[in-house]
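Reviewing the structure listed below.
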Amino acid sequence: MRDFLQQTLDGNRPVISSGRNTHLSWQWHDDGILELTPHQSTSMALVVSAGIHGNETAPVEILNALTTSLLNGEKPLMPRLLLILGNPPALRAGKRYVRCDVNRLFGGRWQQYEDTSEARRAWRLEQAMENFYQAGNNEEVRWHLDLHTAIRGSYHPRFGVLPLNQRPWPEDFLGWMAAAGLEALVFHRAPGGTFTHYSCEHFGALSCTLELGKAQPFGENDLTQFSAARNALAALLFGEPLPESGETPRRYRVSQQITRTNEHFTLHMSAETLNFTAFPQGTLLAEAGDKRYYVQQAREYVLFPNPNVAPGLRAGLMLVEDNQHNEVAGN
Ligand SMILES: O=C(O)CCC(=O)N[C@@H](CCC(=O)O)C(=O)O
Ligand SMILES: [Zn+2]
C-alpha cells in the first residue's frame with residue numbers, strides 16, 4: 001500500500017492487503033485500520049487515531065505522511081502500531097459526522113443508538129483495538145493518542161484532553177505531551193463515551209485526545225504550527241530524539257459539564273467565544289428547559305462550547321485551572 005489516506009478515501013479493499021519491508025510487516029484490517037509490526041522485538045503497543053471527526057484534517061495529513069515513510073521503508077518502526085482513520089464516510093464528506101458523533105459511542109454506548117454507520121464503526125474500532133492490545137504480552141506499555149482539531153479558535157491552540165484514570169499519569173507520558181508542544185492539559189473527572197476513555201478504561205492504555213488547531217478542509221492546513229507534535233510522534237514511531245519541551249503545559253480539570261438536555265437550549269456565549277475564555281463566578285452560562293448553568297467557582301474557563309449538539313450530549317465543559325494537580329506517578 002502506497003498511501004493509507006488515499007486508500008481510505010477511495011473506500012476500496014486494497015488488492016494486496018499485507019506486506020513487508022526491511023523494518024516491518026503491515027496488515028490492512030479494514031477501511032481506515034492498518035497494523036504495522038516491527039521485525040525487532042518491542043515493549044510498546046501504540047494506537048494512533050485521527051479522523052474520528054471527518055472535518056478535522058490537519059492530524060490526518062500529519063499521520064498519513066508519517067505512515068507513508070514507514071510503508072516505504074524509509075524509517076524504522078519502534079512500537080507495535082495500530083493506525084486508525086476513524087470515520088471514513090465523514091472524511092469523504094468533509095463533515096464532523098454523517099449521522100451521529102462517533103466519539104460519544106464508545107464503551108458499548110453504540111448499542112443504545114439506532115443502527116448508523118457511526119454506531120457500527122464504534123463497534124468495529126472497539127474490536128480492532130481489543131484484538132491489537134490482546135495480541136501483545138502483559139508487559140507491553142500501551143499508549144493511545146487520538147488526534148483531533150477543535151471547532152473554535154483557542155487561547156491554547158494546542159492542548160491535550162486526558163480521560164478519567166484510576167491510576168496516576170506517568171511523568172514520561174506527560175513529558176511527551178509537553179514535547180509535542182501542547183500548551184495545556186485538561187483532566188476529565190468523569191467517564192465518557194470517547195475513544196480515549198474507552199482505551200484507558202478497558203485496556204489500561206495511557207490515552208490522550210490531542211487537539212491541534214482549528215478544523216480546516218484538506219490541503220488548507222498550516223502544518224508548521226504542529227511541527228513539535230509531528231516530531232514527537234516521529235520520536236515515538238521511528239526512535240528519533242524527542243523534541244526539547246518548551247513551557248510546561250498549564251493544567252485544568254473539568255469542574256462541570258453543560259448538557260443540552262432538551263430541544264429548548266440556549267448557550268449564553270457568542271459564536272466567537274474562544275476555547276479557554278474565562279468567566280467569573282455567578283455568570284449564567286446556559287439554559288436547558290428549567291435547568292440553568294452558572295459559573296460556580298471563582299473563575300471557570302469554557303471548553304468546546306457547542307449549542308448545536310444532539311439532545312442529551314455535551315454542549316460544553318467548564319474548567320478550573322489546577323496547576324497543583326498532582327495525579328502523576330511518583331507524586
Ligand atoms: O471543538 C469542539 O467543540 C470539539 C473538538 C473535539 O472533537 N474534541 C473531542 C474531545 C474528546 C475528549 O473529551 O477527550 C470531542 O469532542 O470528541
Ligand atoms: Zn474531534
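Computed from the coordinates by the stated procedures, all read-outs in this text should not be read as laboratory data. None of the values given here were measured: they were computed from a predicted structure. Cβ: placed from backbone, ideal geometry, glycine included. Neighbour counts: every protein chain shown.
List CYS100, CYS200, CYS208 from most exposed to least, where exposure is judged by having the fewest other Cβ atoms within 10 Å.
Placing the least packed residue first, the sequence is CYS100, CYS200, CYS208.
Distance in nm between label sites at TRP123 and LYS291, each 7 Å beyond Cα in the beta-carbon direction?
Rounded to a tenth, the inter-label distance reads 2.9 nm.
Determine the relative contact order of the stretch 4-238: mean sequence separation of Cα pairs under 8 Å and six or more apart, normalised by residue count, in whole percent.
For the stretch 4-238, the relative contact order is 23 percent.
Nearest 5 percent is fine: what portion of the DSSP beta bridges confined to the chain is antiparallel?
Antiparallel bridges make up about 55 percent of those DSSP assigns within the chain.
Please sort by residue number the chymotrypsin sites (Phe, Trp or Tyr not before Pro) in the stretch 172-224 whose DSSP state is loop and whose Cβ has at most 16 other Cβ atoms within 10 Å. Don't jump to the answer; show the numbers that get you there.
Working: sites: PHE173, TRP176, PHE187, PHE195, TYR198, PHE203, PHE218; in loops: PHE218.
Within the stretch 172-224, the qualifying chymotrypsin sites (Phe, Trp or Tyr not before Pro) (loop, at most 16 other Cβ atoms within 10 Å) are PHE218.
Which length gain, in nm to one decimal place, applies between SER270 and ALA310 when the Cα-Cα distance is subtracted from 0.36 nm times their residue separation?
Result for the pair: 12.5 nm of gain on full extension.
Out of the stretch 1-104, which trypsin sites (Lys or Arg not before Pro) are coil in DSSP terms and have no more than 12 other C-beta atoms within 10 Å? Intermediate values should be presented prior to the final figure.
Values: sites: ARG2, ARG20, ARG80, ARG92, LYS95, ARG96, ARG99, ARG104; in loops: ARG2, LYS95, ARG96, ARG99.
Taking the stretch 1-104 and a limit of 12 other Cβ atoms within 10 Å, the loop trypsin sites (Lys or Arg not before Pro) found are ARG2.
From the C-alpha gyration tensor of the stretch 4-238, pull out the three semi-axes of the equivalent ellipsoid (sqrt of 5λ each), sorted largest to smallest, in whole Å. Provide the component values of the computation, followed by the final result.
Details: eigenvalues 102, 90, 78 Å².
For the stretch 4-238, the ellipsoid semi-axes come out as 23, 21, 20 Å.
Sticking with the crude label model, points 7 Å out along Cα→Cβ, report the distance from SER255 to ARG99 in nm, one decimal please.
3.9
For a label point 7 Å from the Cα of GLU61 along Cα→C-beta, name the residues of the stretch 199-226 whose backbone N is under 14 Å from it.
Correct set: 212-226.
Per DSSP H run of at least 4 residues, take -39500 (n - 2.57); add these up for the chain, divide by its residues and hand me the 222 nm value, nearest 500 deg cm²/dmol.
Here the helix-only value at 222 nm equals -7000 deg cm²/dmol.
Please turn the phi angles of the stretch 92-104 into ³J(HN,Hα) values with the Karplus equation 6.51 cos²θ - 1.76 cosθ + 1.60 (θ = phi - 60°), one per residue in order, whole Hz, x for glycine and proline.
Each residue of the stretch 92-104 in turn: 5, 7, x, 10, 3, 7, 8, 10, 8, 6, 4, 7, 10 Hz.
Taking H placed 1.01 Å from N in the peptide plane, check which residues at least 5 places from GLY181 or on another chain put their amide H under 5 Å from its amide H.
Those lying under 5 Å, H to H, from GLY181 are GLY246.
Can you list the residues, at least 5 places off or on another chain, whose amide H is less than 5 Å from the amide H of VAL141, using H built in the peptide plane?
Long-range HN contacts for VAL141: MET44, ALA45.
Name the residues whose placed amide hydrogens come within less than 5 Å of the amide hydrogen of ALA315, ignoring near sequence neighbours (fewer than 5 apart) on the same chain.
Amide H neighbours of ALA315, under 5 Å, 5+ apart: ILE258, THR259, ARG260.
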